[in-house]
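Peer 1: Starting off with a structure, shown below.
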Amino acid sequence: MPEISRDEVAHLADLARIDLDDAELDHLAPQLAVILESVASIRGVAGDDVPPTSHPIPLTNVFREDVVTPSLTAEQALSGAPASEDGRFSVPRILGDEQ
Amino acid sequence: MSDTLVPFDDVLASYDPALGLEVHVELNTVTKMFCGCPTEFGAEPNTQVCPTCLGLPGSMPVVNGKAVESAVRIGLALNCRIAEWCRFARKNYFYPDMPKNFQTSQYDEPIAFDGFMDVDVDGETFRVEIERAHMEEDTGKSTHIGGATGRIHGADYSLVDYNRAGIPLIEIVTKPIVGAGAKAPEVARAYVAQLRDLIVALGVSDARMEQGSIRADVNLSLAPKVSTGSTTKPVLGTRTETKNVNSLRSVERAVRYEMSRHAAILDAGEKVLQETRHWHEDTGITTSGREKSDAEDYRYFPEPDLVPVAPSREWVEELRATLPENPTAQRARLQAEWGFSDLEMRDTVGAGALALVEETVAAGSSPQAARKWWLGELARRANDTDTAIDALGVTAADVAAVQALVDAGTINDKLARSVFEGLYAGEGTPEEIVAARGLEIVSDEGALSAAVDKAIAANPDVADKIRDGKVAAAGALIGAVMKEMRGQADAGRVRELILAKLS
């Protein structure tokens, strides 16, 4: 039976940038455990001969020719941005997460 | 915040280094990995973007077939096995350089794996095992605004250009390289250099480190030295990953620096922190980046919007047939064929003239003559005019034609330089330039004889010395005759005439 601890939920929330307070963690951790349990029951049904599915249609090698298609203009690209400057997206300063 | 360092030789007395290199190669496809946006360098910000590479809702990626082909060719050139079936995966992280909040990459199913590359360092061969080569996409480019230095720390906000986001990358990862000892820094450098040459030979990338189309991350750890003959298996120490080392020289320096820094930490009885380090080109040091997340923090999962890639064995064999000769093997072959010394070979390669010399030899020149022109006159011209040596307007066929004129005695080396001047100026073929500029050596014995007589008459002291048997003095008279003939005489013939007249 799968288990998910309150600490794991807090860690995942942190990774997903979801701000959860203590009460929410207490509330959500058991719920997630139930969801995991339900999903795990599928594992019991699938035999060794059933490979895990990542795509519902059994297709491979869907490729595109290396040919340019029209891009957006900078104006179009930035039209949905909350803030922009010099043709670029403006984002809040980033701390501690440099890739 | 400067780190304590242990002198390099002392590091080796106590520790064995283990290296790992991750090299990102930006492919030279015309379009991005998953959309048809162009990849051209230097466009106005955010003009090569579309809903797919901006990660807008509802957009769907489609794999660039040419990029898969390049990935397979790189894998084959690195002696890898090519996956029969593999998938893309989402690497989840939040950082504004990826607008989707994940990077489409490959996780446990790389397209190529289990290869190797033999790296030569000072005549010694190290086999670098390749763990994997996988496909992924590049990120956007952030500019940090505000703060004292324009660096990320202290910045007020950042501006992002997504033109680069989605350009195909191949990440090539080595297995730990152990046993290089004192040569670890050179092995790291030689590996990246040979890999770059291979990528150039494959024609799959611009392979310009200074423009970032090849970027190296250097992993390094130290383990306590195991005495020779011991059967104890060395245990790898804690590693650091120095990111974005963007020149061959820096790869070597970064390894050297990290070895000295790790040794100081271990000598003090402390533990090396597993983390990302930033390389500083100007000062030659690394500084702490962030603590390395565990792989599971990226929460990789198979990309549901892309179907698996399953390269047929027939296709793989077709691509194998397109592989160029391995550049390292090619060099060894050419060096033997041409009889070049190690230094001559190194200079030829360093000047970017290997292919040009090869073509010139194929066009009929002797290897030494071809080398002489390309590394002398033409390399100097390239340097003086800040032009690539293959963009001077002089072809290998031209150089072979000039040398043929020298061999035939039509011109000499000095006159050949005037022919090259004519070639730079686009005055026609070497033969046409010789005719138009009147460069042909004067073989009229009468004119030569008169010039020799004139030089003897003008330099009676020198003439007397030669009559007394000091043949070395003839040089002064030869010079005078060559000047009189405006260089258009065969110096050997002039010497013969002088000695004959004064014997």
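Peer 1: Given the options B:L439, B:L448, name the one that is out of contact with any His (no Cβ under 8 Å at 6 or more places or on another chain), surrounded by 20 or more Cβ atoms within 10 Å (Cβ to Cβ) and in a helix (DSSP H, G or I).
Peer 2: That would be B:L448, the only listed residue that is out of contact with any His (no Cβ under 8 Å at 6 or more places or on another chain), surrounded by 20 or more Cβ atoms within 10 Å (Cβ to Cβ) and in a helix (DSSP H, G or I).
Peer 1: Just need a number here: residues in the stretch B:346-373 that are hydrophobic (A, V, I, L, M, F, W, C) and either closer than 11 Å to B:A400 by Cα or touching a residue at least 60 places away in the same chain (Cβ under 8 Å) (or both).
Peer 2: 8
Peer 1: When the residues of the stretch A:6-58 are narrowed to those that are more than 23 Å from B:K91 (Cβ to Cβ) and among the hydroxyl-bearing types (S, T, Y), which ends up modelled with the highest pLDDT?
Peer 2: Once the filter is applied, the top-ranked residue is A:S38.
Peer 1: Can you give me the number of residues within the stretch A:39-74 that are of a type in the set (D, E, K, R) and within 7 Å of another protein chain (Cβ to nearest Cβ)?
Peer 2: 3
Peer 1: Considering only the stretch B:96-109, I want to know if a residue exists there that is more than 10 Å from chain A (Cβ to nearest Cβ), among the charged types (D, E, K, R), closer than 27 Å to A:T53 by Cα and assigned to a strand (DSSP E or B).
Peer 2: Checked against the condition, which is being more than 10 Å from chain A (Cβ to nearest Cβ), among the charged types (D, E, K, R), closer than 27 Å to A:T53 by Cα and assigned to a strand (DSSP E or B), the stretch B:96-109 yields no hits at all.
Peer 1: Does the stretch A:1-23 hold any residues that are exposed (fewer than 11 other Cβ atoms within 10 Å of the Cβ) and in contact with an Asp or Glu (Cβ under 7 Å, 6 or more places away or on another chain), and which are they?
Peer 2: A:M1
Peer 1: Answer yes or no as to whether B:Q330 is modelled with pLDDT under 95 and touching a Ser or Thr at 6+ places or on another chain (Cβ under 7 Å).
Peer 2: no
Peer 1: While we're here: Could you check how many residues of the stretch B:306-330 are β-branched (V, I, T) and more than 9 Å from every other protein chain (Cβ to nearest Cβ)?
Peer 2: 3
Peer 1: Within the stretch B:172-180, identify whether any single residue is modelled with pLDDT of 95 or more, closer than 30 Å to B:P61 by Cα, of a type outside the set (S, T, N, Q) and in contact with a strand residue (DSSP E or B) (Cβ under 9 Å, 6 or more places away or on another chain), and answer yes or no.
Peer 2: yes
Peer 1: Please find, among B:K470, B:K483, B:K465, B:K454, the residue that is touching an Asp or Glu at 6+ places or on another chain (Cβ under 8 Å), more than 23 Å from B:R381 (Cα to Cα) and free of Cβ contacts under 8 Å to residues at least 60 places away in the same chain. Explain how you work it out, then say what you get.
Peer 2: Values: B:K470 fails: touching an Asp or Glu at 6+ places or on another chain (Cβ under 8 Å); B:K483 fails: touching an Asp or Glu at 6+ places or on another chain (Cβ under 8 Å); B:K465 fails: touching an Asp or Glu at 6+ places or on another chain (Cβ under 8 Å).
Among B:K470, B:K483, B:K465, B:K454, only B:K454 is touching an Asp or Glu at 6+ places or on another chain (Cβ under 8 Å), more than 23 Å from B:R381 (Cα to Cα) and free of Cβ contacts under 8 Å to residues at least 60 places away in the same chain.
Peer 1: From the set of residues in the stretch B:13-41 that are crowded, with 20+ Cβ neighbours inside 10 Å and aromatic (F, W, Y), which is modelled with the lowest pLDDT?
Peer 2: For the stretch B:13-41, the residue satisfying everything is B:Y15.
Peer 1: Of all the residues that make up the stretch B:20-69, how many are outside any loop (DSSP other than H, G, I, E, B) and more than 10 Å from chain A (Cβ to nearest Cβ)?
Peer 2: Matching residues across the stretch B:20-69 total 7.
Peer 1: If you don't mind, another one. Looking at the stretch B:110-138 only, could you name the residues that are among the small types (G, A, S) and part of a strand (DSSP E or B)?
Peer 2: Answer for the stretch B:110-138, where residues must be among the small types (G, A, S) and part of a strand (DSSP E or B): B:A112, B:G115, B:A133.
The values are calculated or read from the model by the stated rules, or taken from the named source; none is laboratory data. Since the model is a prediction, treat every value here as computed from it, not as a measurement. As a convention, Cβ positions derive from the backbone with ideal geometry for all residues, glycine included, and neighbour counts pool all protein chains shown.
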